[in-house]
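Read the structure below first, then the notes.
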Amino acid sequence: MSLLVVGLSHRSAPVSVLERAALSADAQAKLLQDTLAAEPAAEASVLSTCNRIELYADVDKFHAGVAELSTLLAQHSGVGLEELTPYLYVHYEDRAVHHLFSVACGLDSMVVGEGQILGQIKDGLARSQELHTAGRLLNDLFQQALRVGKRAHSETGIDRAGQSLVTFGLEQLAAGRPVDVWAKDKRALVIGAGSMSSLAAATLARAGVAEVVVANRTLERAERLAQILNEPGGTGVAARAVPMDAVGDELTRADVVVSCTGATGLVLTEAQIQRAAEGRKGGLSLLDLAMPRDIDGAAHRIGGVRFVDIESLAQASADAPMAADVDQVRGIVSDEVAAFGAAQRAATITPTVVALRTMAADVVTGEIARLDGRLPELDEKQRAEITQTVRRVVDKLLHAPTVRVKQLAAEPGGAGYADALRTLFDLDPEAVAAVSRADLNELNEPVAKNRGRAS
């Protein structure tokens, strides 16, 4: 089996296509289930953010896998396959690992070096664990990607180049002024209470806004976020929660609005924005971080309104300077890809080695039993000494070849050593498969216990 990723992102597709291809949580779950039901795939995970949709799978056939994954993405996104295909990219085996590790480090983000992607990778892993669509390969891959991303941020200065999409968006709204100067004493409306909206609320509070109003379809989540902002020792900003049907009224009082919901339709219409912009002394600043968009794109044409969305952020980020640390991060990614490949290749031979040692132990047990029948006069001490001696001989004979075969299997092109070992020792393929199944069951136990805990 081999790792395959098929996807599209801000680097390969225009925002208009990404917006239409965006997947809801339910659509992602159905996509994972249908991918696993498809013939070429044994495991599947989805990485879905505001500027990328990627489907990862463990497949047994490359061309059939690409065709099947592309078709499934088209079906579940609602964008026709013929229209979607020109924007899709495909990565296979080590290139697929390299891609995810680069994504985890923020190298493929719209804002290079941003750290929010790690939470989104964690969410993707948790979703596939919850649905039991991730096996050993994808569990190992996504968990290692999280470690690689954390390593890049701790060992390099990539954070100096990177910032959150929220911060970058607010900088665009501030139009060259320091964000804290621009935001001081403004009234802010944050629509949504998820991770991106929470970050926006906290960022605005730290920047010095006078008030943060949080609106969300589930009022309890908005109240929880407002309570966090109001807590002693927190941001010190006045914060309150309102239901979504109060957004129109709050919009007329707000100076800056940040929206990031999972809604499939518009949250702020042109008419609402027009009414809010009329007769006000100061301008109205709108930041739309949702995919698909929350705010009507016609806001660009309304006088007194400054509007920044994912599309304009993509254009602005193309001119953003790259940090010198990016090269160091790329080196980390390359090293980690090589190490991951070696570990995966070595792991493929482990069930065969375990089956070989189990067979050898069975041979020893059988021979000792035969010896008991032929020499019944042996006392317990003599029997124990003979048993230990035979086991030591077998262990010494197997030690060097099993250690060496693991080393050889870890090298590129080492996949054939497991087959060679099975052939040389006439191992039962079912015995090897039984070890693999036992390992997979052990892997899934903690996953089942931790379902629903990821954030």
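The values are calculated or read from the model by the stated rules, or taken from the named source; none is laboratory data. Note that the structure is a prediction, hence the values are computed from the model and not measured. FYI the Cβ positions are ideal-geometry reconstructions off the backbone, even for glycines, and counts take in every protein chain you see. Just the protein is used for accessible areas: all its heavy atoms, side chains included, with ligands, DNA and RNA removed. Shrake-Rupley method; radii C 1.70, N 1.55, O 1.52, S 1.80 Å.
Odds and ends about this structure:
- Taken over the range 64-90, the criterion of being crowded, with 17+ Cβ neighbours inside 10 Å and either without any contact (Cβ under 8 Å) to a residue 24 or more places away in the chain or of a type in the set (Gly, Ala, Ser) (or both) is satisfied by Gly65, Ser70, Ala74, Ser77.
- Check on Leu141, open to solvent by less than 20 Å² (accessible area, probe 1.4 Å) and closer than 30 Å to Gly341 by Cα: yes
- The set of residues from the range 1-33 being open to solvent by 50 Å² or more (accessible area, probe 1.4 Å) and closer than 30 Å to Gly341 by Cβ comprises Met1, Arg11, Gln33.
- Among the residues of the range 361-376, those identified as open to solvent by 70 Å² or more (accessible area, probe 1.4 Å) and either charged (D, E, K, R) or assigned to a loop (DSSP other than H, G, I, E, B) (or both) are Asp362, Glu367, Arg370, Arg374, Pro376.
- Residue check for Arg52: out of contact with any Phe, Trp or Tyr (no Cβ under 8 Å at 6 or more places or on another chain), buried (at least 19 other Cβ atoms within 10 Å of the Cβ) and among the basic types (Lys, Arg): yes
- The listed residue being open to solvent by less than 70 Å² (accessible area, probe 1.4 Å) and either assigned to a loop (DSSP other than H, G, I, E, B) or touching a Lys or Arg at 6+ places or on another chain (Cβ under 9 Å) (or both), out of Ser312, Ser285: Ser285
- Residues that are within 14 Å of the chain's Cα centre (by Cα) number at least 1 in the following helices (runs of 4 or more DSSP H) confined to the range 103-170: 116-130, 136-155.
- Per the listing Val390, Val337, Val363, Val394, the residue uniquely touching a residue at least 40 places away in the same chain (Cβ under 8 Å) and not hydroxyl-bearing (Ser, Thr, Tyr) is Val337.
- Residue among Val190, Val213 that alone is in contact with a Ser or Thr (Cβ under 9 Å, 6 or more places away or on another chain), under 19 Å from Ile295 (Cα atoms) and not basic (Lys, Arg): Val190
- Single residue of the range 154-196 satisfying the filter (at pLDDT 90 or above and touching a Cys at 6+ places or on another chain (Cβ under 9 Å)) that is surrounded by the fewest Cβ atoms within 10 Å (Cβ to Cβ): Gly192
- Contact map, the range 190-205: residues that are in contact (Cβ under 8 Å) with a residue 60 or more places away in the chain paired with residues that are part of a helix (DSSP H, G or I) and among the hydroxyl-bearing types (Ser, Thr, Tyr), Cβ distance under 6 Å, separation 6+ or inter-chain. Pairs shown: Val190/Ser197.
- Boolean, Leu36 is open to solvent by 50 Å² or more (accessible area, probe 1.4 Å) and farther than 28 Å from Gln315 by Cβ: yes
Residue-wise test of (1) exposed (fewer than 14 other Cβ atoms within 10 Å of the Cβ); (2) modelled with pLDDT of 85 or more.
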| position | (1), (2) |
| --- | --- |
| Val394 | no, yes |
| Ala400 | yes, no |
| Arg404 | yes, no |
| Ala418 | no, no |
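- The residues of the range 91-103 that are open to solvent by 60 Å² or more (accessible area, probe 1.4 Å) and either in contact with a helix residue (DSSP H, G or I) (Cβ under 7 Å, 6 or more places away or on another chain) or free of Cβ contacts under 8 Å to residues at least 60 places away in the same chain (or both), listed by number, are Tyr92, Asp94, Arg95.
- Taken together, Leu4, Leu55, Leu18 contain a single residue that is touching a His at 6+ places or on another chain (Cβ under 8 Å) and closer than 17 Å to Arg95 by Cα, which is Leu4.
- Listed by first and then second residue, the pairs with beta-carbon distance under 6 Å, at least 6 apart or on different chains, first residue in the range 341-357 and open to solvent by 50 Å² or more (accessible area, probe 1.4 Å), second small (Gly, Ala, Ser) and assigned to a helix (DSSP H, G or I), are Arg345/Ala409; Arg345/Ala410; Thr348/Ala418.
- Flag for His91 being in a helix (DSSP H, G or I), within 20 Å of Ser2 (Cβ to Cβ), modelled with pLDDT of 90 or more and touching a Gly at 6+ places or on another chain (Cβ under 9 Å): no
- Hey, Asp309 over 29 Å from Gly208 (Cβ atoms) and among the acidic types (Asp, Glu) or not: no
- Conditions (1) open to solvent by less than 70 Å² (accessible area, probe 1.4 Å); (2) modelled with pLDDT under 85; (3) not in a loop (DSSP other than H, G, I, E, B); number of the one not met by Ala323: (3)
- Qualifying residue in the range 105-118 (condition: farther than 28 Å from Asp288 by Cα and open to solvent by 10 Å² or more (accessible area, probe 1.4 Å)): no
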